[in-house]
Amino acid sequence: MGIAKPQEFFNSIDNVKSLSTLKKKMNAERSYLENQYNTVASLKNGFTTYRNYLKANISTDRLIGKKPLINLLLEQFRLTEEQQAIFNSNKREDIKSNKSELRAIYNVDNYLNTANELLNSEYYLDKIIALCALTGRRAAEIGSTANFEYLNDDEVVFTGQLKTKTREDVQPYNIPLLSDSKAIIETLKAIRELRPRYVNKPELFHSATSKDLSVKVKKHFDGLFEGTPRIKDLRAIYALICFTEFHKIPANKKVDRDVYFSKILGHSESDITTCGSYVDFYIQ
């Protein structure tokens, strides 16, 4: 049995009417999690499990006193400033270590040909994988929330980004593609028609497909780049190929790689640390 028990916690507070009682239960649950998890990173993952479950099961108009219940809960299950500082420091060290152990992409053409072939697959998960590789979006975005609006043959306007960390500045933005935009848009339309039950339900999509996606990514991309293929690798490889092969930046203008990654992956320009975590590969 796992450490995180969001459903049990939810059941324990479902009928609570008093703010003081709620705070006691929240504090007890937080103390339990902090005592059980051995690292700040694992504690952060545990908090995310609770936050996702609670957001999926508690209405935003439900109040305790005069305060929205969900806001109180989400604020409780996040790292303190001190814990966040430790997490950031550890992450920077991990990124530094990863950059010294980059993995090779053996042949970009073979990689892109494989991804483009999957666009035309009859299988739902193959189409998901294809769009992850060719658009750089997360699997849950492709399966649940993404929308692509035609801009030109090489770009679309993307909406539906996940993991925005409560940012309010995330607007639709242009992303480069590693395939024809019309084919990308048609494939996403087919995905929506094949599994409408996952639309705007990323948690449901993840729980239903993550295991099979992992198996299929290994099958389709084995031998095309160094290491065991993972679905998250496709996002990192997309960013690298866009930057090194296809980005349209004037020759007389030097653009920092991490800033470029931030732009096309939808991170804040100040969030260079997160984008650094995508520096996992080099083109052989």
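The values are calculated or read from the model by the stated rules, or taken from the named source; none is laboratory data. This is a predicted model, so every value here is computed, not measured. Neighbour counts run over all protein chains shown; Cβ positions are idealised from the backbone, glycine included. The accessibility values were calculated without ligands, DNA or RNA, using every heavy atom of the protein model including side chains. Shrake-Rupley method; radii C 1.70, N 1.55, O 1.52, S 1.80 Å.
Annotations for the structure displayed:
- Filter result for T274 (within 23 Å of A146 (Cα to Cα), open to solvent by less than 70 Å² (accessible area, probe 1.4 Å) and modelled with pLDDT of 95 or more): no
- T228 being among the polar types (S, T, N, Q), modelled with pLDDT of 90 or more, part of a loop (DSSP other than H, G, I, E, B) and closer than 23 Å to V108 by Cβ: yes
- Output for region 13-29, where each listed residue is in a helix (DSSP H, G or I) and either open to solvent by 30 Å² or more (accessible area, probe 1.4 Å) or small (G, A, S) (or both): L19, S20, T21, K23, K24, K25, N27, A28, E29
- Scope region 118-142; condition outside any helix (DSSP H, G or I), open to solvent by less than 10 Å² (accessible area, probe 1.4 Å) and not small (G, A, S); matching residues: R137
- Qualifying residue in region 174-181 (condition: open to solvent by 50 Å² or more (accessible area, probe 1.4 Å), outside any helix (DSSP H, G or I) and not charged (D, E, K, R)): yes
- Which numbered condition C242 fails, given (1) within 14 Å of T135 (Cβ to Cβ); (2) at pLDDT 75 or above; (3) open to solvent by 10 Å² or more (accessible area, probe 1.4 Å): (3)
- Cross-chain or 6+ apart pairs with Cβ under 7 Å, region 179-206 first and more than 13 Å from L131 (Cα to Cα), then modelled with pLDDT under 95 and not in a helix (DSSP H, G or I): P202/L162
- Looking only at region 36-63, and only at residues there that are hydroxyl-bearing (S, T, Y) and either in a helix (DSSP H, G or I) or surrounded by 15 or more Cβ atoms within 10 Å (Cβ to Cβ) (or both), the one that is farthest from the chain's Cα centre (by Cα): Y37
- Single unsatisfied condition, H267 versus (1) open to solvent by less than 50 Å² (accessible area, probe 1.4 Å); (2) in a helix (DSSP H, G or I); (3) at pLDDT below 95: (2)
- The condition (being in contact with a helix residue (DSSP H, G or I) (Cβ under 7 Å, 6 or more places away or on another chain), modelled with pLDDT under 95 and surrounded by 17 or more Cβ atoms within 10 Å (Cβ to Cβ)) is satisfied by just one residue among H206, H220: H206.
- Residue within region 211-225 that is under 15 Å from the mean Cα position of the chain (by Cα) and touching a residue at least 24 places away in the same chain (Cβ under 8 Å) present: yes
- Only one entry in N98, N174, N147 is more than 17 Å from the chain's Cα centre (by Cα) and at pLDDT 90 or above, namely N174.
- Cross-chain or 6+ apart pairs with Cβ under 6 Å, region 70-86 first and β-branched (V, I, T), then open to solvent by less than 60 Å² (accessible area, probe 1.4 Å) and modelled with pLDDT of 90 or more: I70/I58
- Screening N113 with (1) open to solvent by less than 40 Å² (accessible area, probe 1.4 Å); (2) closer than 24 Å to G136 by Cα; (3) more than 24 Å from the chain's Cα centre (by Cα) gives one miss only, at (1).
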